[in-house]
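The values are calculated or read from the model by the stated rules, or taken from the named source; none is laboratory data. These numbers were taken from a predicted model, which means no experiment stands behind them. Cβ placement follows ideal geometry from the backbone for every residue including glycine, while neighbour counts extend to all protein chains displayed. Just the protein is used for accessible areas: all its heavy atoms, side chains included, with ligands, DNA and RNA removed. Shrake-Rupley method; radii C 1.70, N 1.55, O 1.52, S 1.80 Å.
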Amino acid sequence: GLNFIDLMVRQGNIDNPPKTPLVPGFECSGIVEALGDSVKGFEIGDRVMAFVNYNAWAEVVCTPVEFVYKIPDDMSFSEAAAFPMNFVTAYMMLFEVANLREGMSVLVHSAGGGVGQAVAQLCSTVPNVTVFGTASSFKHEAIKDSVTHLFDRNADYVQEVKRISADGVDIVLDCLCGENTGKGLSLLKPLGTYILYGSSNMVTGETKSFFSFAKSWWQVEKVNPIKLYEENKVIAGFSLLNLLFKQNRGGLIKSVMDKLLNLYNSKKIKPVVDSLWALEEVKEAMQRIHDRGNIGKLILDVEKAPTPLMANDSTETSEAGEEEEDH
């Protein structure tokens, strides 16, 4: 699975980026080829999906057994690679951090992305939950049925939300950071929860620009604890990767995964796969996420051959072909 965090890793916009050479990727699906000596509960040949602390974009992946889960019989490998990160993140933010209950309202940014779609589906498993979503206008037709109210990501969504719900919303899920922090907090009802779970605004341009990165952070409204107390608001952060790989909460994640697989088996949720890409096409796939062109999840498929270049994409002369090969 490709995630926004992979773009941040590539650009170095994360804490302690790992040293190169590096194989990126944090989730995958496949078939068990070998087991450690003390591994119980799995057999060679099992269809599984897994979290990996880097190195997921490969033909062979090794990860501790606590991060591995069996795939339901009717789930495809591409759906399974699209499942863990997005659905566990969405589930934990909604139910573990924000305590989503009947009749509440949720604002989610990037409603067309992998997490946004998982959030919308999980909200529909609770009665009378209103979902406000922001997304690029070209995605609206495809995702309009998954959210209650959909706004253009460049529009003034604060006014739009207040027009529909004068006292705001119960939960704000913010992957944008920057100036949206102040807006999100202003929309929270008393006892509402604002969760920052990513910083996709940190990924700017084609190359890492430290200044745009810093500017994004400077726009984050400095949160005043006294104001939070006076207004009865909760502000929270959520990082699934830290929970898994730094804070040893694999057991908690496993119990969430069990609940999610029950929801999948009862046909209440289903991962949305945007497109499949060969490993060689990773640059183009990342560009699609970067340009926010995807609806749902992009998957790197090790068995897929790269799409042949069209005649006008490639150079005619064999000389150029050789050069390309050397490069």
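Values as computed for the structure displayed
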{"quantity": "Single unsatisfied condition, V169 versus (1) open to solvent by 20 Å² or more (accessible area, probe 1.4 Å); (2) at pLDDT 95 or above", "calculated": "(1)"}
{"quantity": "Among the residues listed as N13, N55, the single one being part of a loop (DSSP other than H, G, I, E, B), crowded, with 19+ Cβ neighbours inside 10 Å and more than 14 Å from the chain's Cα centre (by Cα)", "calculated": "N13"}
{"quantity": "Cβ pairs under 7 Å, 6+ apart, first in region 226-245 and in a strand (DSSP E or B), second surrounded by fewer than 15 Cβ atoms within 10 Å (Cβ to Cβ)", "calculated": "I235/V223"}
{"quantity": "Residues being in contact (Cβ under 8 Å) with a residue 40 or more places away in the chain and either of a type in the set (S, T, Y) or assigned to a loop (DSSP other than H, G, I, E, B) (or both) - total across region 16-35", "calculated": "3"}
{"quantity": "Subset tally (residues that are free of Cβ contacts under 8 Å to residues at least 40 places away in the same chain and within 20 Å of H109 (Cβ to Cβ)) for region 282-298", "calculated": "3"}
{"quantity": "Failed condition for F87, given (1) open to solvent by less than 30 Å² (accessible area, probe 1.4 Å); (2) more than 23 Å from I195 (Cα to Cα)", "calculated": "(2)"}
{"quantity": "Candidate set: region 91-117, residues that are farther than 16 Å from T134 by Cβ and among the small types (G, A, S); chosen: the one surrounded by the fewest Cβ atoms within 10 Å (Cβ to Cβ)", "calculated": "G103"}
{"quantity": "Residue satisfying all of: in region 58-84; under 26 Å from I14 (Cα atoms) and among the charged types (D, E, K, R); least open to solvent (accessible area, probe 1.4 Å) among these", "calculated": "E66"}
{"quantity": "Residue match in region 74-96 (condition: assigned to a loop (DSSP other than H, G, I, E, B) and aromatic (F, W, Y))", "calculated": "yes"}
{"quantity": "Odd one out for K162 among (1) crowded, with 20+ Cβ neighbours inside 10 Å; (2) modelled with pLDDT of 95 or more", "calculated": "(1)"}
{"quantity": "Which numbered condition G133 misses (of (1) more than 17 Å from the chain's Cα centre (by Cα); (2) closer than 14 Å to D174 by Cα)", "calculated": "(1)"}
{"quantity": "Members of region 6-31 found to be in contact with a Phe, Trp or Tyr (Cβ under 9 Å, 6 or more places away or on another chain) and of a type in the set (A, V, I, L, M, F, W, C), listed by number", "calculated": "V9, L22, V23, F26, C28, I31"}
{"quantity": "Wholly enclosed helices (runs of 4 or more DSSP H) of region 101-201 bearing at least 3 residues not aliphatic (A, V, I, L, M)", "calculated": "114-123, 157-164, 180-187"}
{"quantity": "Contacts under 6 angstrom Cβ, first residue in region 135-158 being farther than 14 Å from G293 by Cα, partner open to solvent by 70 Å² or more (accessible area, probe 1.4 Å) and outside any helix (DSSP H, G or I), 6 or more apart", "calculated": "L150/K144"}
{"quantity": "Those residues of region 266-281 which are more than 23 Å from L122 (Cβ to Cβ) and either open to solvent by 60 Å² or more (accessible area, probe 1.4 Å) or assigned to a loop (DSSP other than H, G, I, E, B) (or both), in sequence order", "calculated": "L276, A278, E280"}
{"quantity": "Region 299-313 - residue that is touching a residue at least 60 places away in the same chain (Cβ under 8 Å) and in a loop (DSSP other than H, G, I, E, B) and, of those, least open to solvent (accessible area, probe 1.4 Å)", "calculated": "D301"}
